[in-house]
1. Under 5 Å between amide H atoms, partner at least 5 residues away or on a different chain: which partners does Thr458 have, H built in plane at 1.01 Å?
2. Can you check how the C-alpha radius of gyration of region 245-317 compares to 2.2 N^0.38 Å, as a plain ratio?
3. Using only the alpha carbons of region 399-493, what is the convex hull's orientation-averaged projected area in square nanometres?
4. Go through region 166-182 residue by residue and turn each phi into a ³J(HN,Hα) via Karplus (6.51, -1.76, 1.60, θ = phi - 60°); whole Hz please, and just put x for glycine and proline.
5. For Leu111, what accessible area in Å² do you get when you roll a 1.4 Å probe over the heavy atoms of the protein chains, rounding to the nearest 10?
6. At q = 0.13, 0.14, 0.16 Å⁻¹, work out log10 I(q)/I(0) for region 252-411 with the Debye formula, treating every Cα as an identical point scatterer and leaving solvent out; two decimals please.
7. Report the far tail of the P(r) of region 352-412, meaning the percent of Cα-Cα pairs longer than 19 Å.
8. Using only the C-alpha atoms of region 218-279, find the volume of their convex hull and express it per residue in Å³.
Amino acid sequence: MSDLETPLRPKRKTAIVDFLVQFRWIVVIFVVLPISFTIYFLTYLGDVRSEMKSYKRRQKEHDENVQKVVKRLKERNPSKDGLVCTARKPWIAVGMRNVDYKRARHFEVDLSAFRNVLEIDRERMIAKVEPLVNMGQITRVTVPLNLALAVVAEFDDLTVGGLINGYGIEGSSHIYGLFSDTVVAYEIVLADGRVVRATKDNEYSDLFYAIPWSQGTLGFLVSAEIKLIPIKEYMRLTYKPVVGNLQEIAQAYSDSFAPRDGDQDNPEKVPDFVETMIYTPTEAVCMTGRYASKDEAKKKGNVINEVGWWFKPWFYQHAQKALKKGEFVEYIPTREYYHRHTRSIYWEGKLILPFADQWWFRFFLGWMMPPKISLLKATQGEAIRNYYHDMHVIQDMLVPLYKVGNALEWVHHEMEVYPIWLCPHRMYKSPIKTMIYTEPGFEHHRRQGDTHYSQMYTDVGVYYAPGPVLRGEVFDGSEAVRRMESWLIENHGFQPQYAVSELDEKNFWRMFDAGHYEYCRRKYGAVGTFMSVYYKSKKGRKTEKEVQEAEQAILETPSAEVDEPVDY
């Protein structure tokens, strides 16, 4: 697609909900922010108390809590109690998808105690953590040791369980893959109460490959062992402005981390961190980072930017200065760099609180930022929730690197959302065909960023109000998402399941591969116990009867006794 002309759209009539959205900042400032700050503080105190316990004590408590889950599952009567789900409230999830699947459940299991870092093993370079440990908590423990998870998602609130069972990416994913690719072992409580440890080379290797993207529909994740890497105190970040059309921006982005000579595994040519932010159809800033020692950062002439202070400009706005200032370099404390988008929620904070980026707000009230996404969801009401579905876009498009330019043109033409976030990630060629998988034969094309064992993908993050909505024009958000999903299917792309999906069941399994997932669902007794991932992702309300009938149909099909899917 090369035609970037904005389509003409008729004006939209203003409704009451527009005013509710416009003045929602009142509720956010006087209700959401104070409660959010209180929750953050209390959570921090709880984390500190947990960190004061010995690892042995934490492991003992963990084992006791696992047995409570086992006991609870064994109390379930399948004929009376219906499907199993966690007792976590629907609005608590960080993702923007309406978790209406909670309506189709009857038997709850409480996992709220699983929020502890169980062990930091410096010899094995492994962090063993429970699923409700979030990114802020883990970096607070590891960074002072000059260690970090190989992939640290940007938001403080994102949890290990959500990033494994759902979708996790960060600026180091072009080296290490998605968050789930850095996990070396899962501890899972299966439907029958068995507790198993799944790795890529033990008897539960099939389960190991099925867990990512499964949304907790194969069993309860109760701990994970995740790869650690050595780090340094600072990130040396280079901001490079790019001016040109969207195809030229896509190429500059690719060149920032993918050597054209194919030497993708050479640390001298590949930076530690990568992201690009596109501000207009002709302007972007490419950022590349490399770990740097404290001694290097504090050399005379170097600029240190502590972006984590509450009064600092929002990171995306600070990076935008490169468009006028030109290329520049600065040093950011590593932990502050990891969470650079937390305070402004990328750029969504500008819509939630239109003046929150102003110096006076940052100085006097910025210490309460960000509002908890869960509280924003809890206080929005049905009308505002529907408004955001229709007039807002929060989607990630996972596309092969060589198709990024086409994806950007598509987004501009169909949604006209800016800024856009670009972040690359390796998709490994797995011995088993999982729910998401590389393009067949990619290794023979030798495209930029690819290796013989992995294909380079990119997350095209589309988060904001579309241009037509900002201009007061008609915009059909549901139809735009349907067209986006069709484009992804046609281009071997994927849609993270945290987002609102318009896919029916047939097209859902056109986008994702069901073979190995369904095999493991049957083998480990998840069918009839846990809701399938499609129904968990499906938009709209779902009754328990509807889902149970669908699950029963799966059990009764002749294919219920299937052989293990063939490796690919």
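1. Amide H to amide H, under 5 Å and 5 or more residues apart or across chains, Thr458 pairs with Val399, Leu401, His425.
2. 1.36
3. 6.5
4. x, 8, x, 9, 7, x, 9, 5, 5, 9, 9, x, 6, 3, 5, 6, 9
5. Accessible area, nearest 10 Å²: 30 Å².
6. Results for region 252-411 at q = 0.13, 0.14, 0.16 Å⁻¹ read -0.82, -0.94, -1.17.
7. For region 352-412, the share of Cα pairs beyond 19 Å comes to 57 percent.
8. Spread over its residues, the Cα hull of region 218-279 gives 214 Å³ apiece.
The values are calculated or read from the model by the stated rules, or taken from the named source; none is laboratory data. Values in this document were obtained by computation on a predicted structure and should not be read as measured data. We place every Cβ from the backbone using ideal geometry, glycine too, and count neighbours over all the protein chains shown. To get the accessible areas, we keep the full protein, side chains included, count just its heavy atoms, and leave off ligands, DNA and RNA. Shrake-Rupley method; radii C 1.70, N 1.55, O 1.52, S 1.80 Å.
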